Amino acid sequence: DTGVSQDPRHKITKRGQNVTFRCDPISEHNRLYWYRQTLGQGPEFLTYFQNEAQLEKSRLLSDRFSAERPKGSFSTLEIQRTEQGDSAMYLCASSLGTYTGELFFGEGSRLTVL
Amino acid sequence: AQSVTQLDSQVPVFEEAPVELRCNYSSSVSVYLFWYVQYPNQGLQLLLKYLSGSTLVKGINGFEAEFNKSQTSFHLRKPSVHISDTAEYFCAVSVHAGKSTFGDGTTLTVKP
């Protein structure tokens, strides 16, 4: 059984650079979620997809953030012109469309912006 | 909108002692409730969930939680903890159609 995988696991970048994270969900899951987690906080919702459709996007998400799920399988989260405040763990989760609410999380991608 | 408050940020407890991690939520509609656990350097994994029915739900590793609608609470309990239960615990709430909202977590530290 292959779980949710995220790549890269760690990314260090300089302020102003662009970064992209990839998430591969569990294969039969049609919902995919992105969350952000900072130290001492719980996961904060960013956006989610059902198949390739982006159904909701957090108002906290600035225009520098964009997410795609082009074929309803893997997803990418891009952050343009990174800022030090973007430093966080970016979590991906997937779930079944027959919604029971259970999320299956990857191990996260840690971003450090210098 | 929904919100979750975990009342204790850190809970230290001795091995084999009972523990309760407290969670209150706010919502104007019916919700589903979850507890997730995050071990060091691992992803979050589901401990247990309440969708409907019996208000006492049992999960993995001997944990259980009780849904109290009148007090809008979903406290997590274990009668006897082990060293291996040391982890971060997150309470979450969702409305059936969409995202989950998480609390800020409770760090459970089990001491020998």
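Laboratory data are not the source of any read-out in this text; all were calculated from the coordinates shown. Here the structure is a predicted model, which means the values were calculated and not measured. We place every Cβ from the backbone using ideal geometry, glycine too, and count neighbours over all the protein chains shown.
Restriction of the GluC sites (Glu not before Pro) in segment B:3-61 to DSSP coil positions whose beta-carbon has at most 14 other beta-carbons within 10 angstrom yields B:15, B:16. Bridging of residue A:71 to aspartates and glutamates at a Cα separation below 15 Å is possible for A:24, A:28, A:52, once same-chain residues fewer than 8 apart are set aside.
Viscosity 0.890 mPa s, temperature 25 °C: what is the translational diffusion coefficient of chain A from Stokes-Einstein with a Kirkwood Rh over Cα pairs, rounded to a whole number of µm²/s? Mind dumping the intermediate values first?
On the way: Rh = 14.1 Å.
Estimated diffusion coefficient is 175 µm²/s.
Shielding by partners for peptide A:36-44, expressed as the average number of C-beta atoms from other protein chains within 10 Å of each residue's C-beta, is 5.
Within 10 Å of each Cβ of B:38-44, how many other protein chain Cβ atoms are there on average? If you can, show how the numbers build up before the last one.
Details: counts 7, 0, 0, 2, 3, 13, 12.
For this peptide, the per-residue mean of nearby foreign Cβ atoms is 5.
Decide, for segment A:16-81, between rounded, prolate and oblate: order the square roots of the alpha carbon gyration tensor eigenvalues as a ≥ b ≥ c, take rounded if a/c falls under 1.5, and otherwise choose prolate if a/b is larger than b/c, else oblate. Prolate, because a/c is 1.5 or more and a/b exceeds b/c. Here's the list of aspartates and glutamates a cross-link from residue B:78 could span, going by alpha-carbon distance under 14 Å and ignoring same-chain residues fewer than 8 apart: B:15, B:16, B:20, B:64, B:66. Taking every residue in A:9-22 and counting other chain Cβ atoms within 10 Å of its Cβ, the average works out to 0.
Of all lysines in the structure, the ones whose alpha carbon falls short of 19 Å from that of residue B:69, not counting any fewer than 8 places away in one chain, are B:49, B:58.
Can you tell me how chain B classifies by the Cα gyration tensor, rounded, prolate or oblate, using a/c under 1.5 as the rounded cut? In terms of gyration-tensor shape, prolate. Within 10 Å of each candidate Cβ there may be at most 13 other Cβ atoms; applying that plus a DSSP loop requirement, which trypsin sites (Lys or Arg not before Pro) in segment A:22-68 survive? Filter output for segment A:22-68: A:59, A:64.
Sites listed here are trypsin sites (Lys or Arg not before Pro) in segment B:64-112 whose DSSP assignment is loop and whose Cβ has at most 11 other Cβ atoms within 10 Å: B:69.
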